[in-house]
Amino acid sequence: MTTTLAPAIEAPAIETPSRLRRFRVPVLIAGLAVVLVGTRGLNVVAAHNPILALAMGFATATAAVYAYRWLNRKVEGRATVDEVSSAGKWSGLRRGVLLGGAAFTTTLLIIGAFGGWDHVSGGSVSGFLISLGAMMSVAVNEELLFRGVIFRILEERTGTVVAIVSSSLLFGLTHLVNPGATLWGTLAIGIEGGTMLAVAYVLTRSLWLPIGLHFAWNFVGMGVFGATISGAPQENTSLMHTTLSGSDALTGGAFGPEASLIALMVCLSLTVVLLRRAVRAGQIRRRVAA
């Protein structure tokens with residue numbers, strides 16, 4: 001099969017002093033890290049009230065997008081920030097939510113089919129709303145940082161393939177600090193989350209599809225099923241509370257379903273579909289930007 005390669009990545013027009021642009025990577029990462037920490041702090045403060053938590057999650061997610069646009073224009077001198085353009089926003093989010101929600105639901109259903117469900121009980125609507133707000137903010141902030149800055153700039157310098165591998169490894173390693181973290185769990189997160197979300201960005205050249213995917217995967221797991229997410233057990237944060245039992249290969253053990261072979265196979269299958277479409281669309285880039 002012949003692979004079509006996209007044209008070389010064009011460096012954005014420089015409208016800011018060259019000294020500022022020279023340090024764009026640390027400046028952008030530091031700026032978005034501050035936004036991420038600040039928005040998480042606000043969401044924690046609002047978590048005592050479900051309506052306030054939902055409103056705060058939406059507000060901090062929206063504010064993070066505006067901050068990303070502002071930073072890119074000021075630091076990189078980009079006239080337009082196409083990856084968060086309003087064009088295609090809702091269709092991208094909608095497709096991402098459908099794919100992410102279906103992927104996590106499929107993962108848990110397969111685990112259940114092999115006897116991995118130990119106990120299922122009712123949860124709380126209040127917890128569901130709190131999770132909804134929190135996951136909106138988390139998904140937006142993490143995608144802006146990892147795909148919007150780290151992956152995008154790595155791809156400019158190294159090409160698509162190297163950028164996917166490098167950013168996925170980094171994304172996985174950041175989860176080593178989570179409760180119940182294991183090397184296998186962080187590797188699985190790197191492949192399932194880092195690779196799948198990077199490929200979703202490559203296919204669309206927009207952050208809306210990966211944001212929707214990221215949000216739905218986390219929210220369905222945390223806010224609907226109440227399963228352990230990335231090593232963090234969920235209490236009073238969901239409509240249901242699902243306890244899994246069985247081998248770590250089936251359930252993911254203390255790290256949760258994301259460390260299971262089932263989640264790995266489901267996410268890899270979706271990643272392959274997205275990657276094939278990206279290749280056919282000529283979105284794989286290999287040339288290093290000047």
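For the stretch 72-109, a residue qualifies if it is surrounded by fewer than 18 Cβ atoms within 10 Å (Cβ to Cβ) and either touching a Cys at 6+ places or on another chain (Cβ under 9 Å) or more than 30 Å from Arg24 (Cα to Cα) (or both), and the qualifying residues are Ser91, Arg94, Arg95, Leu98, Ala102, Thr105, Thr106, Leu109. Only one of the listed residues (Thr182, Thr242, Thr195) is modelled with pLDDT under 95 and surrounded by 20 or more Cβ atoms within 10 Å (Cβ to Cβ). That residue is Thr242.
When Ala134 is tested against the conditions (1) of a type in the set (Gly, Ala, Ser); (2) assigned to a helix (DSSP H, G or I); (3) surrounded by fewer than 23 Cβ atoms within 10 Å (Cβ to Cβ), the lone failure is (3). Pairing residues of the stretch 218-233 that are under 14 Å from Ile189 (Cβ atoms) with residues that are of a type in the set (Val, Ile, Thr), at Cβ distances under 7 Å and at least 6 apart in sequence or on separate chains, gives Asn218/Val138; Asn218/Ile229; Gly221/Ile229; Ser230/Ile189.
Looking only at the stretch 28-46, filter to residues that are surrounded by fewer than 19 Cβ atoms within 10 Å (Cβ to Cβ) and among the aliphatic types (A, V, I, L, M); which one of those is nearest to Met56 (Cα to Cα)? Residue satisfying both the conditions and the ranking: Leu42. Among the residues of the stretch 157-172, those that are among the small types (Gly, Ala, Ser) and in a helix (DSSP H, G or I) comprise Ala163, Ser166, Ser167, Ser168, Gly172. Out of Leu203, Leu154, Leu264, one residue alone is more than 22 Å from Gly96 (Cα to Cα), touching a helix residue (DSSP H, G or I) at 6+ places or on another chain (Cβ under 9 Å) and part of a helix (DSSP H, G or I). It is Leu154.
The values are calculated or read from the model by the stated rules, or taken from the named source; none is laboratory data. As the structure is a computational prediction, the values presented were derived from the model and not from experiment. Note: ideal-geometry Cβ built from the backbone for every residue, glycine included; neighbour counts use all protein chains shown.
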